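The structure appears right after this line, and notes come after that.
The values are calculated or read from the model by the stated rules, or taken from the named source; none is laboratory data. Because the structure is a prediction, the values reported are computed rather than measured. Positions of Cβ are generated from backbone atoms using ideal geometry, with glycine treated the same way; all protein chains shown enter the neighbour counts. Surface accessibility is based on the protein's heavy atoms, side chains included, excluding ligands, DNA and RNA. Shrake-Rupley method; radii C 1.70, N 1.55, O 1.52, S 1.80 Å.
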Amino acid sequence: MTRIATRLYVPDDRAAVLALFDTNLPDYFAASDRAWLSETLDEPDGPAFVVTVDGAPAAFGGYELWEHYNKALLFWGMAGRAYHRCGLGRLLLAERVLHIARHAQPVTRYVTVDTSPLVAPFFRHFGFEETAVWPEGYRSGMTMHELRLDLSGVSPDWLAAQRDAALARVEARIATIAPLPR
């Protein structure tokens, strides 16, 4: 049986996360974003997580708390292309939002994200609402969508149920997907 686990990112994951990024070019990220990801991996601005498949990183993302605003900002958020559409992204998202709801100090009301037009529907499906669209909002020229989730409208129990359901879906689907090279 394939083992799926979510854990905190550690520096030994760096090469695997960069490889995950590379599988998502050019549809989800610009090649120029790799240097930014490298900086994030060297000095994360907050908790970062990996979802592993049989011990190998298959998805990565984290969040940072904004000191002067009542919000957390999700950063990165990617699954290796071989794992697209199997639920790892939803599992990672649910885990990050649940972590914010349970552990953010100070307690934080909003979870925000900026993303591409291709990925924005994924966040809306989870309950995020779109707050802005910026044509050419990324330096690469891609349009940027800003979205937010109001944590006052959801409970940690609901978020845990979302995470658990996502894990069950991943476990059901993952057996049909070949593992990424290590």
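Only one residue in Thr112, Thr108, Thr52 is in contact (Cβ under 8 Å) with a residue 40 or more places away in the chain, in a loop (DSSP other than H, G, I, E, B) and of a type in the set (Ser, Thr, Tyr). Which one? Before you say what the answer is, go through the steps one by one.
On the way: Thr112 fails: in a loop (DSSP other than H, G, I, E, B); Thr52 fails: in a loop (DSSP other than H, G, I, E, B).
That would be Thr108, the only listed residue that is in contact (Cβ under 8 Å) with a residue 40 or more places away in the chain, in a loop (DSSP other than H, G, I, E, B) and of a type in the set (Ser, Thr, Tyr).
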State the number of residues belonging to region 125-176 that are in contact with a Lys or Arg (Cβ under 9 Å, 6 or more places away or on another chain) and among the β-branched types (Val, Ile, Thr).
2
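Would you check if Ala58 is open to solvent by less than 10 Å² (accessible area, probe 1.4 Å) and not in a helix (DSSP H, G or I)? Give the derivation first.
Details: open to solvent by less than 10 Å² (accessible area, probe 1.4 Å): yes; not in a helix (DSSP H, G or I): yes.
Here the answer is yes, as Ala58 does meet what is asked.
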Among the residues of region 84-135, which ones are open to solvent by 10 Å² or more (accessible area, probe 1.4 Å), within 16 Å of the chain's Cα centre (by Cα) and of a type in the set (D, E, K, R)?
Arg85, Arg90, Glu95, Asp114, Arg124
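So, in region 1-32, exactly how many residues are assigned to a helix (DSSP H, G or I) and more than 30 Å from Thr176 (Cβ to Cβ)?
So in region 1-32, the residues assigned to a helix (DSSP H, G or I) come out as 11-23.
Filter again for more than 30 Å from Thr176 (Cβ to Cβ), leaving 11.
Qualifying residue count for the region: 1.
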How do the pairs read when you match residues in region 22-48 that are within 23 Å of Trp66 (Cα to Cα) with residues anywhere that are β-branched (Val, Ile, Thr) and open to solvent by less than 70 Å² (accessible area, probe 1.4 Å), using Cβ under 8 Å and keeping only pairs 6 or more apart or on different chains?
Leu37/Val17; Leu41/Val17; Ala48/Thr40
